[in-house]
Every structure is written in structure tokens, then in C-alpha cells.
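Step one of this worksheet: look at the structure below.
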Amino acid sequence: MGVSVRDELNTTSQSALIELPIARLLCHYTCLSVTLLVYVLLIPAWAIAEPVTESDEYIIKAAFLYKFSKFIKWPSKQDSETSASTFDICILGTNYFGVATETLAEKTTGGAQVVVSYIDSIPFFNDCHILFISKSETKRLGDILQSVANQPVLTVSDIDGFVSNGGCIEFVTQDDKTDFNINSRAAEHSQLKFSAQLLELDKVVVTK
């Protein structure tokens, strides 16, 4: 039996947290539950819990950015399996990830080397396979989405209402749970093909 998308995402999130420094893991004797069926037990139930920090939250988000590439197919011009030597993940705006994306630079997807870039200006669509839009860009979100509209770019953000405004994937975090919603129509307009497994996670939001 093949590995399911749930298992893939579970493994990715666990690996991301294991890569935290040992001292921090000991400090965080807690249970970090991540919706999307990603539940990671860090410590015994009897241990004194410390709140999950924003940096830990972005470690999970960075892991998801990478794993999305396994369940989404780009058009041939942007397809890492056929033509590109690199798979480009762009972070637009303030870098809330810190060093969380450093481990992604050691990975490959579809035979292409993952490259993470931090940018301040709106990129030409060919520059990015995945464009993560930071919360700092809320005021110009409309302009950003318009610049990559109908182009093969997976837009991802944790800005409130992102999918309702035309973004592809929106991270939602509440009570130490990181989840995401998918705007299937935006993905279709971007010429991206989401795997059936990903769409079956019941996180699909179709907007007008």
C-alpha cells in the first residue's frame, strides 16, 4: 500500500520539529497538535507545558511549503520534473520564518534543488514556484495577487482571509493548531493541478 498524503505530511512535520536544537525540545515539554492530522507528541503528559512559540509555528509552515511540492503539479514550463534545475520558494515581505527554512535548502523535489529566496518586491511569475506572502504585505495583497493572477505560481499566506481574496492556500493557526484552506478555483486559474489526495483532506474552499 502506498504512502498517503496524511502520512507524508505527518512525517514532514515530525522531522521539522526533530531538527530543533535539543535544548529547545527539552524546554518545550509539551504536546504540539497540528490539524491536518499532524499530531506531534514532544513530551510526557506529566511534564510542565510551555506555550508553543511563533518560531515553532513557522517551522511547521516551512515544512508544509516543501511538502506541498509533492502533491501539486506545475505546468511543464514550471515543472521541476521536466525542465527546471531548481524549485524556487520565495518569501515576500518580513521574514517570520527565521532560520526555519534553512533545512529546505538541503532538499530536492522532483529532481530539482530547492532554493529559498527572500524578496521585497513583487516578483516576475517565472521567478517562483511557491510564493509565500508574509503578513507584512497585507495592505498590498491585492496588487501582489493581481501580479501573479493566472500564472503558474502557488500563492500561500497566513494573512486572514487570504483564500477569500484569491490566494491558493491559507494557513490558519488557533490554539497551537496549524491548519490550511485551499481555494481550488484560484489553483485552477493558476494552472496548478492539486492531487486528489490533497483535495480529499476536506480543506477546500471554492470562492466566486
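Read the figures in this text as sums done on the coordinates, not as results from a lab. All values derive from a computational prediction rather than experimental measurement. Using ideal geometry, Cβ is built from the backbone for each residue, glycine included, and neighbour counts are taken over all protein chains shown.
Dipole of the range 154-208, Cα-centred, from +1 at each Lys and Arg C-beta and -1 at each Asp and Glu C-beta, to the nearest 20 debye?
Values: 5 positive and 9 negative charges, 70 e Å.
Charge dipole of the range 154-208: 340 debye, to the nearest 20.
Extension gain Ser121-Lys135, at 0.36 nm per residue separation less the Cα-Cα distance, in nm?
That works out to 3.6 nm of additional length.
Pop out the ³J(HN,Hα) list for the range 148-156 in order, Karplus 6.51 cos²θ - 1.76 cosθ + 1.60 with θ = phi - 60°, rounded to Hz; leave Gly and Pro as x.
10, 4, 6, 10, x, 10, 7, 8, 9
What residues qualify as long-range amide H neighbours of Phe87, i.e. H under 5 Å apart, gap of 5 or more or another chain, H built at 1.01 Å from N?
Sorted by chain and number, the residues that satisfy this are Gln113, Val114, Val115.
How about Lys70: which lysines have a C-alpha closer than 29 Å to its C-alpha, ignoring those fewer than 8 places off in the same chain?
List returned: Lys61, Lys107, Lys135, Lys177, Lys193, Lys203, Lys208.
Enumerate the calculated ³J(HN,Hα) couplings along the range 133-141 in order (Karplus 6.51 cos²θ - 1.76 cosθ + 1.60, θ = phi - 60°), each rounded to whole Hz, writing x wherever the residue is Gly or Pro.
Using θ = phi - 60°, the values come out as 9, 6, 4, 5, 9, 3, 5, 10, 4 Hz.
Relative to the present Cα-Cα distance, how much length would full extension add between Gln174 and Ala105 at 0.36 nm per residue of separation? Each step should come with its number before you reach the end.
Values: separation 69, 0.36 × 69 = 24.84 nm, distance 2.84 nm.
Answer, rounded to one decimal: 22.0 nm.
At R0 = 25 Å, how high is the FRET efficiency between Asp160 and Leu199 if r is their beta carbon distance? Nearest 0.05 is fine. It would help to have the intermediate numbers written out before the result.
On the way: r = 23 Å, r/R0 = 0.92.
The computed FRET efficiency comes out at 0.65.
In terms of modelled amide H atoms, which long-range or inter-chain residues lie less than 5 Å from the amide H of Val172?
So Val172 has HN proximity to Asp179, Phe180, Asn181.
Excluding Leu92 itself, calculate the net charge of residues whose Cβ lies under 9 Å from the Cβ of Leu92, where each Lys or Arg counts +1 and each Asp or Glu counts -1.
Numbers: positive: none; negative: Asp120, Glu137.
Taking every other residue near Leu92 into account, the sum is -2.
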